[in-house]
Every structure is written in C-alpha cells, then in structure tokens.
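Engineer: Got a structure for you, questions after.
The values are calculated or read from the model by the stated rules, or taken from the named source; none is laboratory data. Bear in mind that the values here come from a model prediction, so they are computed numbers and not experimental data. Heads up, the Cβs are rebuilt from the backbone with ideal geometry, glycines too, and the neighbour counts pull from every protein chain shown. When the accessible area is computed, the model is the full protein with side chains, heavy atoms only, and any ligands, DNA or RNA have been set aside. Shrake-Rupley method; radii C 1.70, N 1.55, O 1.52, S 1.80 Å.
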Amino acid sequence: MIASARVITVVGIGAEGWDGVSEVGRAWVERARVVLGGRRHLDLLPDVPGQRREPWPSPLRDRLPALLASLADEAAGGHVVALASGDPLVSGIATTFMDLLGPDEVTVVPGISSVALARAAMRWSAESHAVVSVVGRDVALVRRELAPGRRILVLSSDEHTPRDVAALLVAEGYGDSELTVLGDLGEREQSSFLFDKAVILTGKEFDLPRLNVVAIDCVGPSLGGWVAGLPDDAFEHDGQLTKRDLRASALARLSPTPGEHLWDVGAGAGSVGIEWMRAHPSCTTTAVEADADRAARISRNATSLGVPGLEVVHGRAPGALAGLRPPDAIFVGGGATRDGVIDACLTALRPAGRLVVHGVTLETEMLLGRLYREHGGELTRVSVETSAPVGAFTGWTPARTVTQWALSR
C-alpha cells in the first residue's frame, strides 16, 4: 500500500530505464495522473492510458511554480509524479521541490545515485574521497578540496565541466593529477576516459559525454589548511586585511559550525568570511563592504580560495544590514564606531550567536570597553610582533595592537 503524497512524489530513474526503477517507484508512476520529467526520462516509461506527461519547462526554476499551480487538483490527491536521475536528492530536482513547497510536501523514492555508480566504477570506498557538485555552480568549489593525495568526485553540469576542472587543476599546480571522466553511468554503454595527467585535457578538444562524473586523484602542492589562519598573501588586498594571527583569534571565538551563517561587516578583503566558509562546505557568509573596489576584491578572493558562493553586499552598515539573512555569528572588522552598527548587529544576532569586534583606535577601544561593561563577554588586547632585520641583526617589529571584544549569547 502506498501512502498518498500531499503534493508531489519524486521517483529516481537510472540510465537503464524502467527496468531499474524500484517496485515502489513503479507503483507511483503507474497510478499517477501526471508525470513530469525530462524528455529522455519520459520516453523510458511504458504507456499508461490517460496519463498526462509534461516535460520540464525552461528555464526550470523560474517556470516550475506556475506549472505546479496548474496541477493543483492532481497534486492535492497525490497523483503527480516527477522523474529524476538516480537519487533525486543528490543535486536533483527533489531539493528544488522542497525549497519551493517545503519538505513535508514531497515524497522521494530514490534510485541509485551517480555518486554510488561512480564509486563502483572507480572502486573507491565512500570514506576515501570527497564529493563536490558543480551542477549549476561554479567549478571553483573544487579548489577547497585540493590537497596532495586527496580523491575527489565532481558531479558535472555538462560535457564542458571536465575541461573546466582540468584547467582549474593546472592553474593550481595540480596538472599531474590523474583525471577520469565517467560517462553515462548505469547504461550498458557507459564510458570511462582516463587522463593520466589533467594537463592533457587542456591541450585539445575531446568528445566527452554530456552526462558525466569526474574522478580526480590529486597530485600537487598543499594550498592551505582548513584551520583558521591562512597566510596573508593568500588574499589579494590593499592593506585592509585582518592579519593571520588576529584572524585565527577571531575565528576561534566565532566558532564556525556546519550550516551557520556569518556577517562579515566592514569586510575589507573578506578574509574572515572566506575562512569561515572554508571551515565547512555548508557554512555561508554575507560580506558587507562600502568600498566598491574592495567589494569586487572580496569576490575574487572567495573564488580563488574555493568558496565562490560567498555573498557580497556593496553598502555601508548599518543601512546595508537591513533585510539580510539573520546571522549565527558576526564579525565587525571596521566601522564599529559608526552610529547604529553594533546595535544593529546585536539586534540581528540569532540565539546562541557569537559576535566579535576588532578595534585599533582609542575611540573604538573606549566603545568596546563600554560594551564589555554592559554586555559582558571577553575583552582582549592582542599584540603581535614579527622578526625583521635590524642592520646586520634581527629584531622584533610590532604590529598595531588590536582590542577584541567577543560576546557569546
């Protein structure tokens, strides 16, 4: 007996077609009044008398709400089924439906995912590699995962993705990495193209399948760890940069946690927000920066360090903070003394949130002392000295002392 879906049921179907659909999935399709899917998937189904079959509209995300609205009567009875490749929750349409309708309105009957098929083809255990989806996303996401000896499966957007991945690997010093393009997984005619060096794929055009997964055996240099405190020269900047030691101190108190969102206010080069996102793939950042050149620079830094999804808001706090996604943590690297900035941050901060503010002027230090008296938290002065030549000898050069106020709710 099949429970009735409240709106829509998403059924996974592989390249092998109807024969590979689970018994439960077949039952959903056979009783559906309407079946949605790509033309390739719809053509794989047996005839069902009286059943309406609708190919996806284009552009899909923009026109999908109108299509669902037109199917309201069928959807209310649980008679609308959508087809998706493999596991509909692996960069699939089921995620889109849940975003639009809410998770309680969607039933998912998965097939075998492309990730599982790629693992089997490569004979890689689930624990031995990372998975990065660039379906509809920037291929720069792969950068975060690059490390000597690491294995990565990249879920591709199309036949151009493998070449884009290869070009990225070469640019980052990983041109000697072994790269395998796995095409049409699950079909009898599935293919495997092995490039013993990624640089080969950048040299000429190859006729690669549109449906593919890219497997990478990484060979290259260390590009920086995930623990806070990347070298300052990892960032393009004009001097407005939270330096390495101070950045590590701030992020230790901001405490990045999977799925949480950060405001990086007065972001400068964006270093704190970028390292927040590098801590975990599900961490997100909105960087607020008043200077147009710096705002553009933040986006470039985010892409070059593997977190191209960082959101940049060109504007001045506190006005630019209105309407932003509520933060789980906030870093204020500049502009703390501007009227309303700290008040706006304290108001927006979610329960159990963390706030860290840095100041280098007497005026900001006085403000942070008052905030510490009023709200508690932790008040710290951080002074860093680095070695430098003093004639024929070596001495210490102090950086400007920073006052740090950290508050945890």
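Engineer: If Ser58 meets every condition in (1) free of Cβ contacts under 8 Å to residues at least 12 places away in the same chain; (2) outside any loop (DSSP other than H, G, I, E, B) apart from one, which number is that one?
Structural biologist: All conditions pass for Ser58, except number (2).
Engineer: Quick check: anything in the range 158-168 without any contact (Cβ under 8 Å) to a residue 40 or more places away in the chain and in contact with a Ser or Thr (Cβ under 6 Å, 6 or more places away or on another chain)? Explain how you work it out, then say what you get.
Structural biologist: To start, the set of residues in the range 158-168 that are without any contact (Cβ under 8 Å) to a residue 40 or more places away in the chain comprises 160, 164, 166-168.
Still in the running and in contact with a Ser or Thr (Cβ under 6 Å, 6 or more places away or on another chain): 166-167.
Yes, the conditions are met somewhere in the range 158-168.
Engineer: To continue, here is another question. Would you check which residues across the range 118-141 are under 16 Å from Ala166 (Cα atoms) and polar (S, T, N, Q) and list them?
Structural biologist: Ser133
Engineer: Here's something else I'd like to know. Would you point out the residue of the range 99-112, among those that are out of contact with any helix residue (DSSP H, G or I) (no Cβ under 8 Å at 6 or more places or on another chain) and free of Cβ contacts under 8 Å to residues at least 60 places away in the same chain, that is least open to solvent (accessible area, probe 1.4 Å)?
Structural biologist: Among those residues, the one meeting the criterion is Gly102.
Engineer: Contact list please: Cβ distance under 7 Å, first residue in the range 119-130 and polar (S, T, N, Q), second residue assigned to a loop (DSSP other than H, G, I, E, B) and open to solvent by 40 Å² or more (accessible area, probe 1.4 Å), pairs at least six apart or on different chains.
Structural biologist: So the pair list comes out empty.
Engineer: Hey, among Arg370, Arg409, Arg381, Arg350, which residue is open to solvent by 50 Å² or more (accessible area, probe 1.4 Å) and in contact with a Gly (Cβ under 7 Å, 6 or more places away or on another chain)? Break it down into steps so the answer makes sense when it comes.
Structural biologist: Working: Arg370 fails: in contact with a Gly (Cβ under 7 Å, 6 or more places away or on another chain); Arg381 fails: in contact with a Gly (Cβ under 7 Å, 6 or more places away or on another chain); Arg350 fails: in contact with a Gly (Cβ under 7 Å, 6 or more places away or on another chain).
On inspection, the qualifying residue turns out to be Arg409.
Engineer: Is it the case that the range 355-365 has a residue that's part of a strand (DSSP E or B) and open to solvent by 60 Å² or more (accessible area, probe 1.4 Å)?
Structural biologist: Of the range 355-365, the ones part of a strand (DSSP E or B) are 355-359.
Of the ones still in play, those that are also open to solvent by 60 Å² or more (accessible area, probe 1.4 Å) are none.
Within the range 355-365, none of the residues are part of a strand (DSSP E or B) and open to solvent by 60 Å² or more (accessible area, probe 1.4 Å).
Engineer: Criterion first (in contact with an Asp or Glu (Cβ under 9 Å, 6 or more places away or on another chain), crowded, with 16+ Cβ neighbours inside 10 Å and at pLDDT 95 or above) does Val288 satisfy it?
Structural biologist: Values: in contact with an Asp or Glu (Cβ under 9 Å, 6 or more places away or on another chain): yes; crowded, with 16+ Cβ neighbours inside 10 Å: yes; at pLDDT 95 or above: yes.
Yes: the conditions hold for Val288.
Engineer: Let me ask another. Looking at the range 213-232, which of its residues are under 15 Å from Glu172 (Cα atoms) and at pLDDT 95 or above?
Structural biologist: Ile216, Asp217, Cys218, Val219, Gly220, Pro221
Engineer: Of all the residues that make up the range 247-276, how many are surrounded by fewer than 24 Cβ atoms within 10 Å (Cβ to Cβ) and within 18 Å of the chain's Cα centre (by Cα)?
Structural biologist: Matching residues across the range 247-276 total 6.
Engineer: For the range 61-89, what are the residues that are open to solvent by 50 Å² or more (accessible area, probe 1.4 Å) and either at positive phi or in contact (Cβ under 8 Å) with a residue 12 or more places away in the chain (or both)? Explain how you work it out, then say what you get.
Structural biologist: Applying the first criterion (open to solvent by 50 Å² or more (accessible area, probe 1.4 Å)) to the range 61-89 yields 61-63, 65-66, 69-70, 72-73, 76, 85, 89.
Arg61, Pro65, Ala76, Ser85, Leu89, listed by residue number.
Engineer: Give me the residue from the range 320-330 that is crowded, with 22+ Cβ neighbours inside 10 Å and not acidic (Asp, Glu) and, out of that set, farthest from Arg409 (Cα to Cα). Explain how you work it out, then say what you get.
Structural biologist: As a first pass, look at the range 320-330 and keep what is crowded, with 22+ Cβ neighbours inside 10 Å: 321, 327-330.
With not acidic (Asp, Glu) added as a condition, the list becomes 321, 327, 329-330.
On the way: Leu321: 20, Pro327: 13, Ala329: 10, Ile330: 12 Å.
Result: Leu321.
Engineer: Is there a residue being touching a residue at least 24 places away in the same chain (Cβ under 8 Å), under 19 Å from Gln404 (Cβ atoms) and in contact with a strand residue (DSSP E or B) (Cβ under 8 Å, 6 or more places away or on another chain) anywhere in the range 219-235?
Structural biologist: No: zero hits.
Engineer: In the range 208-244, which residues are open to solvent by less than 20 Å² (accessible area, probe 1.4 Å) and either of a type in the set (Lys, Arg) or not in a loop (DSSP other than H, G, I, E, B) (or both)?
Structural biologist: The answer is Asn212, Val213, Val214, Ala215, Ile216.
Engineer: Within the range 145-193, how many residues turn out to be open to solvent by 70 Å² or more (accessible area, probe 1.4 Å) and part of a helix (DSSP H, G or I)?
Structural biologist: Of the residues in that region, 3 qualify.
Engineer: Could you please give the count of residues in the range 298-319 that are assigned to a helix (DSSP H, G or I) and open to solvent by less than 40 Å² (accessible area, probe 1.4 Å)?
Structural biologist: The initial filter retains those residues of the range 298-319 that are assigned to a helix (DSSP H, G or I), namely 298-304, 319.
Now narrow it down to the ones that are open to solvent by less than 40 Å² (accessible area, probe 1.4 Å): 298, 301-302.
Residues that pass the stated criteria total 3.
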